[in-house]
1. Just give me the residues in segment 132-160 being more than 22 Å from T186 (Cβ to Cβ) and small (G, A, S), in sequence order.
2. Out of everything in segment 189-212 that is surrounded by fewer than 14 Cβ atoms within 10 Å (Cβ to Cβ) and within 17 Å of D126 (Cα to Cα), what residue ends up being farthest from the ligand (Cβ to nearest atom)?
3. Please report, ordered by residue number, the strands (runs of 3 or more DSSP E) entirely within segment 98-188 with at least 1 residues that are away from the ligand (no atom under 16 Å from the Cβ), more than 27 Å from D42 (Cα to Cα) and of a type outside the set (V, I, T).
4. Taking the conditions exactly as written (surrounded by 19 or more Cβ atoms within 10 Å (Cβ to Cβ) and either basic (K, R) or under 13 Å from the mean Cα position of the chain (by Cα) (or both)), does T21 satisfy them or not?
5. Within segment 71-96, track down each residue that is touching a Gly at 6+ places or on another chain (Cβ under 6 Å) and more than 9 Å from the ligand (Cβ to nearest atom).
6. Only one of (1) within 22 Å of G145 (Cα to Cα); (2) within 9 Å of the ligand (Cβ to nearest atom) is not met by W13, so which one is it?
7. Exactly one of these conditions fails for M82: (1) crowded, with 24+ Cβ neighbours inside 10 Å; (2) in contact with a Pro (Cβ under 7 Å, 6 or more places away or on another chain). Give me its number.
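Nothing in this text is a laboratory measurement; each read-out follows from the coordinates by a stated rule. What you see is a predicted model, and the numbers here were worked out from it, not measured in a lab. So basically every Cβ, Gly included, is an ideal-geometry build from the backbone, and we count neighbours across all protein chains shown.
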Amino acid sequence: MTDEMLQDVAARWNGNADQWTHDVRQGYDTYREIFTFPAFVDFLPPLAGLDVIDFGCGEGTNTRRFAQMGARMTGIDLSERMIGHARAAEEAHPLGIAYKVASYSTDTGFPDASFDAVVSTMALMDGPDFGAAMREAYRLVRPGGFLAFSVLHPCFITPGLAWQKNEAGLATALCVSRYFDRTSFTEEWRFGSRPADEEIRPFAVPRFPRTLSDYLNAIIAAGFRISRIGEPQPDAEAGKTPRFARWRDLAAFLLLVMAERP
Ligand SMILES: C[S@@+](CC[C@H](N)C(=O)[O-])C[C@H]1O[C@@H](n2cnc3c(N)ncnc32)[C@H](O)[C@@H]1O
């Protein structure tokens, strides 16, 4: 990993930050609202009373929700602009959250063993050097503490992903390809539930594909003991819409990992 790579990721997310913050806070990120965040909360042990750091906290919506669950939260993100939005929300409605501009894959500057838990939602596939992120997480967590994160499922959201569709345009299968291609790339997309007639610049999201064994072996190599893996499906209600039915019936969208520091 080079400084240049991190600077490029930071620049991309600084460029996404204003639109992202607006859209997330308007509720346009329906995957988060009805699937990914509830699934992550179901997977988590109680956070009340714990010192928790959120790796790649973005504009802080989820960090604020963890604080509302009773955790004493710290959020770090590479993007100054994301952290600016997170701090503005904290100033407007204080929940006692401390934010810092820092990379989760370098020394974040906090003392060893200063947190009960590291959490991260949909951010660790967006940065280079997952191994370094796991070593930093291990350093920050107290013995007996845990790491819990969500990422796009690496076995299904592969660089060559394509849906097979029937005549009605409904997905009938997911074609996985280029699973082993670890070349980083920038993906352009917008939240699907945004009003279609609104002209916006799509997000430019740097992605760092890795395989399932890349993820799991890096967690183990850092010293953690993996205690649980989750591959949640959208619930029956969400599954009534085709966008979520695909991830209920055909393939896994999310990979959740829980690991403990012995
Ligand atoms: C998809 S957003 C998710 C943000 C937030 N966790 C959420 O769920 O809304 C990914 C975030 O990861 C951050 N990020 C990427 N690489 C990072 C790194 N090396 N260290 C810290 N944050 C990073 C980006 O700046 C961006 O804010």
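1. Listed by number, the residues that qualify are A137, G144, G145, A148.
2. Per the criteria, the residue is L212.
3. 162-165, 171-175
4. Considered against the rule, which asks whether it is surrounded by 19 or more Cβ atoms within 10 Å (Cβ to Cβ) and either basic (K, R) or under 13 Å from the mean Cα position of the chain (by Cα) (or both), T21 comes out as no.
5. Within segment 71-96, A86, A89 meet the criteria.
6. W13 satisfies all of (1) within 22 Å of G145 (Cα to Cα); (2) within 9 Å of the ligand (Cβ to nearest atom) except (1).
7. Of (1) crowded, with 24+ Cβ neighbours inside 10 Å; (2) in contact with a Pro (Cβ under 7 Å, 6 or more places away or on another chain), only one is false for M82: (2).
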